[in-house]
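Trainee: Sharing a structure here in structure tokens format.
Quick note: the coordinates plus some simple rules give every number you see, no bench work behind them. Model, not experiment: these values are computed from the prediction. Note that each Cβ is placed from the backbone with ideal geometry, even for glycine, and that neighbours are counted across all protein chains shown.
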Amino acid sequence: MPHPFLVGTALLGAGLTALRLLRREQQRVRRVLDRVEAEEGIGRLPAQRLERDPATGVYRLPDDRPSS
């Protein structure tokens with residue numbers, strides 16, 4: 001049976017490698033988005049908070065309410 005320290009070290013190394021790969025993929029996607037935005041002449045839209053309508057349970061943008 002392998003020593004618990006070796007198992008923990010292996011799991012930590014695998015986790016760090018996975019995080020590094022995710023960060024690299026995130027940077028690649030961000031570069032692609034930046035290039036597409038530059039080509040299309042659009043910028044990133046500011047983040048908007050969704051609000052939950054208590055009556056229906058539907059999430060909507062704050063200014064996207066039905067007029068009643």
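Trainee: Could you size up the charge dipole of the stretch 1-44 around its Cα centre, putting +1 on the beta carbon of Lys and Arg and -1 on that of Asp and Glu, and report it in debye to the nearest 20? Spell out each step's value before the answer.
Mentor: Values: 8 positive and 5 negative charges, 31 e Å.
Once rounded to the nearest 20, the dipole reads 160 debye.
Trainee: For the pair residue 9/residue 25, report the inter-label distance in nm, with labels modelled 7 Å from Cα in the Cβ direction.
Mentor: Modelled inter-label distance: 2.8 nm.
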